[in-house]
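Asker: Before I ask anything, let me first share the structure, which is written out below as structure tokens.
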Amino acid sequence: FSMAAVDPDFKTSFCLDSYYVSDELGFILPEPLVELPPYYQPWMDVAVRVPDLVQSHELRSHIYKMPLLSSEFLQKHRELRLAHLALSVMTMGYVWQEGEKGTVEILPRNLAVPYWEVSQRLGFPPIFTHADGVLANWKKKDPQGPFDMENLELLVSLPGGDSVRGFFMVTLLVELAAVPALRSIPTVINGVRCGETEAVARALEVISQSIQDMTDTLKLMQGMHVEPSVFYGIMRIYLSGWKDNSSMPKGLIYEGVQAEPMEFSGGSAAQSSLLHCFDELLGVKHEEKSAFLTRMRNYMPPAHKKLIQDISLQPSLRSFVQQQANEQLNQAFHLCVTKLLALRNYHINVVSRFITVPAARARQIRNQSQDLQCETISRAPIALEERGTGGSGIMIFLKTVRDKTKDAFLITNQAKGGFH
């Protein structure tokens with residue numbers, strides 16, 4: 001026990017109370033509303049039908065006919081979240097209804113103005129995000145039943161059928177698997193402040209197990225729940241944004257908000273606050289490629305972004321582990337980094353199956369100019385071929401992030417060759 005580790009500047013202990021983190025659900029929005037006040041029924045009527053209306057090429061005409069509604073009757077946080085979700089799926093469907101060749105330059109004011117107002121009030125961007133499609137887009141079929149694949153359903157969806165449900169639900173369950181880790185972060189921070197080696201080691205062991213559970217949950221994506229050709233050929237364009245996207249080089253004009261077009265990135269796993277929190281806690285640094293990751297924080301609920309920033313301001317866990325020179329603590333820290341690395345490696349594997357392999361197949365079909373209509377995969381946008389929906393050049397980016405995770409290992413463990 002080293003007194004040097006005790007820092008008198010911290011008068012109160014670190015806790016998650018002020019960051020909109022739920023004890024049971026972590027970053028997931030507890031009990032999202034399924035209905036808005038009756039005044040907003042015209043939005044919900046269209047939002048719940050987005051997949052069908054896109055398929056029949058009627059979504060744009062339905063949106064033109066919607067009344068321009070004021071957002072002032074949305075009072076509570078959950079009302080704003082459901083409104084943002086509904087306006088988001090309508091916007092994605094509106095922009096991409098005719099594919100990458102039939103994009104629009106203007107989002108009509110009856111959608112753009114309330115969308116902008118709701119976004120400003122929440123501190124969200126006016127585009128579909130992880131916080132919309134995953135964190136606030138669920139309900140239990142049986143309210144008393146378990147939080148699992150069978151008992152969960154989406155509030156609104158995008159084109160792609162069951163694969164959309166599978167994609168969002170598996171991602172939601174990954175967020176749920178991370179809850180024990182999130183709850184242990186204050187224990188680690190307070191333990192480091194007070195020099196409590198054993199408490200820190202135990203909390204790190206909980207975090208390691210939780211990250212392992214995240215990886216195991218992500219494996220559901222590869223099972224029955226998401227079809228790679230549907231993800232690649234149909235779904236992905238509806239998750240795409242109008243920044244770093246050659247299909248919409250100018251961005252999008254939000255009519256009635258401002259005359260100049262605006263650019264926003266599409267949905268991305270990098271918008272989940274989980275790995276950002278773990279990286280800050282464990283001292284994983286992403287300097288070279290961090291512009292994208294840092295930008296993704298602006299797509300999170302502001303309270304969650306603040307949590308990440310506040311974790312980064314705490315005394316260094318890594319330095320504490322090195323100073324204490326305690327075997328149990330060393331092992332617990334090493335295990336945490338190992339599990340985080342394994343999660344990132346597995347995510348690369350998933351991306352390869354859902355993007356890289358179908359991209360190669362789509363190229364092959366195009367080059368052989370076979371009858372394109374018969375293959376779902378060939379409907380995929382060419383502009384997105386090697387990119388994530390957030391606009392990142394995906395494989396190089398993910399491998400760089402993974403390699404930076406390795407740098408968090410302590411030298412003592414590297415010397416043992418412990419992580420190869």
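The values are calculated or read from the model by the stated rules, or taken from the named source; none is laboratory data. Since the structure is predicted, the reported quantities are computational estimates derived from the model, not experimental observations. A quick note on method: Cβ atoms are made from the backbone with ideal geometry, for glycine too, and the neighbour counts reach across all protein chains shown. To get the accessible areas, we keep the full protein, side chains included, count just its heavy atoms, and leave off ligands, DNA and RNA. Shrake-Rupley method; radii C 1.70, N 1.55, O 1.52, S 1.80 Å.
Asker: Restricting attention to segment 309-326, which residues are open to solvent by less than 70 Å² (accessible area, probe 1.4 Å) and among the polar types (S, T, N, Q)?
Answerer: Those that are open to solvent by less than 70 Å² (accessible area, probe 1.4 Å) and among the polar types (S, T, N, Q): Ser312, Gln314, Ser316, Ser319, Gln324, Asn326.
Asker: So, one more: Please determine, by comparing only the residues of segment 176-188 that are buried (at least 22 other Cβ atoms within 10 Å of the Cβ) and closer than 12 Å to Leu274 by Cα, which one is nearest to the chain's Cα centre (by Cα).
Answerer: Here the residue is Ala178.
Asker: Which helices (runs of 4 or more DSSP H) sit wholly inside segment 348-420 and have at least 2 residues that are of a type in the set (S, T, N, Q), modelled with pLDDT of 75 or more and open to solvent by 30 Å² or more (accessible area, probe 1.4 Å)?
Answerer: Once the helices (runs of 4 or more DSSP H) in segment 348-420 are filtered for at least 2 residues that are of a type in the set (S, T, N, Q), modelled with pLDDT of 75 or more and open to solvent by 30 Å² or more (accessible area, probe 1.4 Å), what remains is 357-367.
Asker: Determine whether segment 41-53 contains at least one residue that is buried (at least 16 other Cβ atoms within 10 Å of the Cβ) and under 21 Å from Ser265 (Cβ atoms).
Answerer: Scanning segment 41-53, I find at least one residue that is buried (at least 16 other Cβ atoms within 10 Å of the Cβ) and under 21 Å from Ser265 (Cβ atoms), so the answer is yes.
Asker: A further question on this structure: Do we have Leu155 as assigned to a helix (DSSP H, G or I) and touching a residue at least 12 places away in the same chain (Cβ under 8 Å) here?
Answerer: No.
Asker: Would you check if Pro114 is over 19 Å from Leu33 (Cα atoms), part of a helix (DSSP H, G or I) and not hydrophobic (A, V, I, L, M, F, W, C)?
Answerer: Spelling it out, it is not the case that Pro114 is over 19 Å from Leu33 (Cα atoms), part of a helix (DSSP H, G or I) and not hydrophobic (A, V, I, L, M, F, W, C).
Asker: So, one more: Identify the residue in segment 127-152 that is acidic (Asp, Glu) and touching a residue at least 12 places away in the same chain (Cβ under 8 Å) and, among all such residues, is farthest from Gly266 (Cα to Cα).
Answerer: Restricting to residues being acidic (Asp, Glu) and touching a residue at least 12 places away in the same chain (Cβ under 8 Å), the top hit is Asp148.
Asker: Go through (1) more than 30 Å from Arg236 (Cβ to Cβ); (2) among the polar types (S, T, N, Q); (3) in contact (Cβ under 8 Å) with a residue 24 or more places away in the chain; (4) in contact with a helix residue (DSSP H, G or I) (Cβ under 7 Å, 6 or more places away or on another chain) for Asn190 and report which single condition fails.
Answerer: In the conditions (1) more than 30 Å from Arg236 (Cβ to Cβ); (2) among the polar types (S, T, N, Q); (3) in contact (Cβ under 8 Å) with a residue 24 or more places away in the chain; (4) in contact with a helix residue (DSSP H, G or I) (Cβ under 7 Å, 6 or more places away or on another chain), Asn190 misses (4) alone.
Asker: Quick check on Arg297: is it of a type in the set (D, E, K, R), open to solvent by 10 Å² or more (accessible area, probe 1.4 Å) and within 13 Å of the chain's Cα centre (by Cα)?
Answerer: yes
Asker: Oh, and also: Tell me, yes or no, whether segment 8-18 has at least one residue that is open to solvent by 20 Å² or more (accessible area, probe 1.4 Å) and either among the basic types (Lys, Arg) or under 27 Å from Tyr238 (Cα atoms) (or both).
Answerer: yes
Asker: Residues in segment 264-272: is at least one open to solvent by 10 Å² or more (accessible area, probe 1.4 Å), in contact with a helix residue (DSSP H, G or I) (Cβ under 9 Å, 6 or more places away or on another chain) and part of a helix (DSSP H, G or I)?
Answerer: Within segment 264-272 (the criterion being open to solvent by 10 Å² or more (accessible area, probe 1.4 Å), in contact with a helix residue (DSSP H, G or I) (Cβ under 9 Å, 6 or more places away or on another chain) and part of a helix (DSSP H, G or I)), the answer is yes, since at least one residue qualifies.
Asker: Quick check on segment 327-339. Is at least one of its residues at pLDDT 95 or above, open to solvent by 30 Å² or more (accessible area, probe 1.4 Å) and under 21 Å from the mean Cα position of the chain (by Cα)?
Answerer: yes
Asker: Also, quick follow-up: Counting only residues that are open to solvent by 10 Å² or more (accessible area, probe 1.4 Å) and touching a residue at least 60 places away in the same chain (Cβ under 8 Å), how many does segment 86-100 have?
Answerer: Of the residues in segment 86-100, 2 are open to solvent by 10 Å² or more (accessible area, probe 1.4 Å) and touching a residue at least 60 places away in the same chain (Cβ under 8 Å).
Asker: Then there is this: Among the helices (runs of 4 or more DSSP H) contained in segment 10-97, which hold 1 or more residues that are closer than 21 Å to Pro301 by Cβ and within 20 Å of the chain's Cα centre (by Cα)?
Answerer: 77-96
Asker: Looking at segment 136-156, which of the residues that are surrounded by fewer than 23 Cβ atoms within 10 Å (Cβ to Cβ) and polar (S, T, N, Q) is farthest from Leu16 (Cα to Cα)?
Answerer: In this case the residue turns out to be Asn151.
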